[in-house]
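These notes concern the structure reproduced below.
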Amino acid sequence: MEAEDEYRRKARVALVVIVVLASLAVASLLVAFSYYCYIRNKVAKHLNNNKSNNNNGADLEGKGGFPNPKTAATDGVQVFTFKQLHSATGGFSKSNVVGKGGFGLVYRGVLHNGRKVAIKFMDQAGKQGEEEFEMEVELLSRLRSPYLLSLLGYCSDNSRKLLVYEFMANGGLQEHLYPVSGGPNALSTNLDWETRLRIALEAAKGLEYLHEQVSPPVIHRDFKSSNILLDKTFHAKVSDFGLAKLGSDKAGGYVSTRVLGTQGYVAPEYALTGHLTTKSDVYSYGVVLLELLTGRVPVDMKRPPGEGVLVSWALPHLTDREQVVQIMDPALEGQYSMKEVIQVAAIAAMCVQPEADYRPLMADVVQSLVPLVKIHRSTSKVGRCSSLHATKSPAQNSG
Ligand SMILES: Nc1ncnc2c1ncn2[C@@H]1O[C@H](COP(=O)(O)OP(=O)(O)OP(=O)(O)O)[C@@H](O)[C@H]1O
Ligand SMILES: [Mg+2]
């Protein structure tokens, strides 16, 4: 009898244990299932977000990725026929030429939808294969930042190759720094100090994006004042990163290639060895800062002995308060804060130093300039004679 009771008691205990274990198992399954549902929901939401971003031709800033170039054609860059661009420019009429560069003539044009554009008719494009050209253009069109000139589309029609960009009403920065000598504006620039500071910051942000917010980093390779374009309110965008080749992320973005670039802007190590890093762009950026400070072209052998090369002439003056004043652009007529000038001169000196490793990163440059531009934000005005250029057509602006 006792044995029977004992057996029943044990059976009850066993039953309770089984029930408890089964409940625990069911509870764990429920928790696991809910977690699975939660994660699935999150992933689906994330994918949906990405999809809608891509559909909007989302800018890549901060995402650090270089997406599949094949999707670019549907994401933003437009393919034009030669006929469309021919009619946009009035048959590539001379009156629509806004400038000429190493690649050929640049025309002002108006698209079917009324949008103003700049069209670069590439002289030597025949050398490049159609597929290679399209591939390159699509890759470039994926670089999107408010501080980079947007590539809107292209035309590749046998040997005729054209690039279509957003139109920048005030043309290249160099046109405003070097007024035609002897002309009516020879000594009165339209770019006041505040505007110069803001242009310096915006151009720095363009380079910072290429160097630090795209992976692998993009080296501009031809950064100069004519590749900083100004819109109708003198905001700046960096253009012509077409020469840039994608830097390898192995070996710290180091690329060996034939020497390109423009005289007076090329970093010494790049000129000597062809070795290219993002620090070569930092050097060129330093030269542009010197142009903004002094209003001088990077190389002009007609200047007095010792003054022909801007970097060599300016460098010894940059770290001394009294001496900096001597190299300032006379067109500024002393209208600047000495404290800010000293800071900008110090940044320029660091950027153009011969030892590439000691040059700052563009992110450092941006950080140093931000407070200077902020100071002026409340009082900031566009250049003193800006109306003069704003009403001037780009065709008149360009040389
Ligand atoms: N998107 C644009 N909007 C308005 N004007 C432009 C535009 N792109 C170029 N220009 C004008 O055309 C000129 C020539 O530009 P281009 O880029 O062809 O030559 P560059 O910058 O002098 O030399 P490089 O060919 O080495 O870049 C510029 O200085 C500018 O005045
Ligand atoms: Mg250019």
When you scan the range 74-100, how many residues do you find that are crowded, with 16+ Cβ neighbours inside 10 Å and under 30 Å from Gly261 (Cβ atoms)?
10
If I filter the range 210-231 down to residues being of a type in the set (Ser, Thr, Tyr) and out of contact with any Phe, Trp or Tyr (no Cβ under 8 Å at 6 or more places or on another chain), which single residue comes out as nearest to ligand 2 (Cβ to nearest atom)?
Ser226
May I ask you to list the residues in the range 154-167 that are under 23 Å from Val214 (Cβ atoms) and either in contact with a Ser or Thr (Cβ under 6 Å, 6 or more places away or on another chain) or crowded, with 22+ Cβ neighbours inside 10 Å (or both)?
Tyr154, Leu163, Val164, Glu166
Only one of Glu138, Glu166 is touching a Phe, Trp or Tyr at 6+ places or on another chain (Cβ under 9 Å) and either modelled with pLDDT under 85 or within 14 Å of ligand 1 (Cβ to nearest atom) (or both); which?
Glu138
Can you tell me which of Ala348, Ala331, Ala314, Ala356 is of a type in the set (A, V, I, L, M) and farther than 18 Å from Tyr265 by Cα?
Ala331
Consider only pairs whose beta carbons are under 8 Å apart and that are at least six residues apart or on different chains; among these, list those whose first residue lies in the range 349-378 and is under 24 Å from Leu310 (Cα atoms) and whose second residue is charged (D, E, K, R) and modelled with pLDDT under 95.
Pro354/Glu269; Ala356/Glu269
Determine which single condition Ala204 fails, assuming it passes every other condition in (1) away from ligand 2 (no atom under 16 Å from the Cβ); (2) at pLDDT below 90.
(2)
Looking at the range 307-321, can you tell me whether even one residue there is at pLDDT 95 or above and within 23 Å of Leu148 (Cα to Cα)?
no
Expected output for the range 94-107 (first residue modelled with pLDDT of 90 or more, partner polar (S, T, N, Q) and more than 6 Å from ligand 1 (Cβ to nearest atom), Cβ below 6 Å, 6+ apart or cross-chain) is Asn96/Thr89; Tyr107/Thr89; Tyr107/Asn96
Picking from Val259, Val288, Val282, the residue that is in a helix (DSSP H, G or I), away from ligand 2 (no atom under 16 Å from the Cβ) and either assigned by TED's automatic domain parsing to the domain that holds Asp192 or at pLDDT below 95 (or both) would be Val282
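Could you please let me know if Thr233 is closer than 26 Å to Val117 by Cβ and modelled with pLDDT under 95?
Spelling it out, Thr233 is indeed closer than 26 Å to Val117 by Cβ and modelled with pLDDT under 95.
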Against the definition (buried (at least 18 other Cβ atoms within 10 Å of the Cβ) and closer than 23 Å to Ser239 by Cβ), how does Leu372 come out, yes or no?
no
Name the one entry in Gly399, Gly383 that is at pLDDT below 95, part of a loop (DSSP other than H, G, I, E, B) and in contact with a strand residue (DSSP E or B) (Cβ under 8 Å, 6 or more places away or on another chain).
Gly399
Look at Pro360 and say whether it is surrounded by fewer than 20 Cβ atoms within 10 Å (Cβ to Cβ) and modelled with pLDDT of 95 or more.
yes
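The values are calculated or read from the model by the stated rules, or taken from the named source; none is laboratory data. These figures come from a predicted structure and were not determined experimentally. Cβ sites come from the backbone with ideal geometry, for glycine too, and all protein chains shown count toward neighbours.
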